[in-house]
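To start, the structure under review is shown below, and the notes come after it.
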Amino acid sequence: MIFWQLFYTFLKIGIFTFGGGYAMVALIQNEVVIENQWMTSQEFTDILAISQTTPGPIGINTATYTGYTAVVNAGYPAYMGVLGAFLASFSVILLPFLLMLIVTKVLMKHKDNPTLANIFLILRKTVVGLIAASALILVSVENFGSPTESTFRFVLSIIIFAGVFIASYKFKKSPILLILVCGLIGFLAYGLPEMI
């Protein structure tokens with residue numbers, strides 16, 4: 001049954017993810033697109049885009065939207081998708097929440113321990129790798145298009161990517177402003193021509 005699978009999958013993702021939401025994205029994508037095939041890569045990319053633009057932590061937002069979509073794609077009605085969204089969100093935070101209650105007590109007691117400092121040093125490097133894996137997942141045909149299918153879409157995607165990277169990295173522009181500008185460009189390039 002998909003509800004048990006959702007609960008178990010996101011429970012597993014929640015307990016084995018270190019580094020927050022962006023580190024979680026690669027694990028979620030692997031479980032829901034590749035392992036369980038609850039959705040297509042395109043649907044996951046859309047969910048990730050929505051998760052980044054809505055308020056709240058990206059990991060929980062992604063779990064929520066993924067739970068809903070997986071249940072609806074399995075043939076259940078939309079109101080059952082809400083249960084899927086709740087189960088995915090609840091299970092992804094359940095074990096980390098309980099673990100943090102325990103770990104916080106232990107950390108406060110042993111915060112100056114050199115072994116503990118070394119463990120956190122290794123975890124920080126692991127988190128960087130997980131975030132890099134999440135970024136590489138987004139470099140796909142679903143996001144950038146293909147030069148053989150639509151040269152315009154591919155070139156525009158590369159220009160937008162480079163522009164956002166430079167604007168955020170070099171000029172320290174607000175992510176909110178960049179999201180709005182990119183949304184406007186997308187509307188002008190794709191939405192407006194279809195409306196006319």
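Are any of the residues in region 30-37 in contact (Cβ under 8 Å) with a residue 12 or more places away in the chain, at negative phi and under 15 Å from the mean Cα position of the chain (by Cα)? Among the residues of region 30-37, at least one is in contact (Cβ under 8 Å) with a residue 12 or more places away in the chain, at negative phi and under 15 Å from the mean Cα position of the chain (by Cα), which makes the answer yes.
Among the criteria (1) more than 26 Å from Ile34 (Cβ to Cβ); (2) surrounded by fewer than 13 Cβ atoms within 10 Å (Cβ to Cβ); (3) not β-branched (Val, Ile, Thr), the one Glu149 does not fulfil is (1). Scanning region 40-83 for residues that are of a type in the set (Gly, Ala, Ser) and under 23 Å from Ala23 (Cβ atoms) turns up Ser41, Ala49, Ser51, Gly56, Gly59, Ala63, Gly67, Ala70. Evaluated against (1) among the aliphatic types (A, V, I, L, M); (2) surrounded by 12 or more Cβ atoms within 10 Å (Cβ to Cβ); (3) under 21 Å from Ala23 (Cβ atoms), Leu87 falls short on exactly one condition, (3). Listed by position, the helices (runs of 4 or more DSSP H) enclosed by region 112-190 that each have at least 3 residues that are in contact with a Gly (Cβ under 8 Å, 6 or more places away or on another chain) and free of Cβ contacts under 8 Å to residues at least 60 places away in the same chain are 151-169. With respect to being more than 17 Å from Ala133 (Cβ to Cβ), of a type in the set (A, V, I, L, M) and either in a helix (DSSP H, G or I) or touching a residue at least 40 places away in the same chain (Cβ under 8 Å) (or both), Leu27 falls outside the description. When restricted to residues that are of a type in the set (D, E, K, R), crowded, with 17+ Cβ neighbours inside 10 Å and more than 23 Å from Leu98 (Cβ to Cβ), region 9-59 contains 1. Checking each residue of region 74-88 against the condition of being in contact (Cβ under 8 Å) with a residue 12 or more places away in the chain, part of a helix (DSSP H, G or I), of a type in the set (Val, Ile, Thr) and within 20 Å of Gly14 (Cα to Cα) gives at least one match.
Tell me, yes or no, whether region 71-78 has at least one residue that is of a type outside the set (D, E, K, R), exposed (fewer than 14 other Cβ atoms within 10 Å of the Cβ) and closer than 30 Å to Leu180 by Cα. Yes: one or more hits. Taken over region 128-148, the criterion of being hydrophobic (A, V, I, L, M, F, W, C) and over 24 Å from Ile50 (Cβ atoms) is satisfied by Val128 alone. Candidates Phe154, Phe144: the one that is in contact with a Ser or Thr (Cβ under 9 Å, 6 or more places away or on another chain), hydrophobic (A, V, I, L, M, F, W, C) and more than 18 Å from Gln29 (Cα to Cα) is Phe154.
Here Glu43 meets the list (1) part of a helix (DSSP H, G or I); (2) closer than 19 Å to Ala133 by Cβ; (3) touching a Ser or Thr at 6+ places or on another chain (Cβ under 7 Å) almost entirely, failing just condition (2).
Values quoted throughout were computed directly from the atomic coordinates according to the rules given, and no laboratory measurement underlies them. Bear in mind that the values here come from a model prediction, so they are computed numbers and not experimental data. Virtual Cβ from ideal backbone geometry, glycine too; neighbours counted across all protein chains shown.
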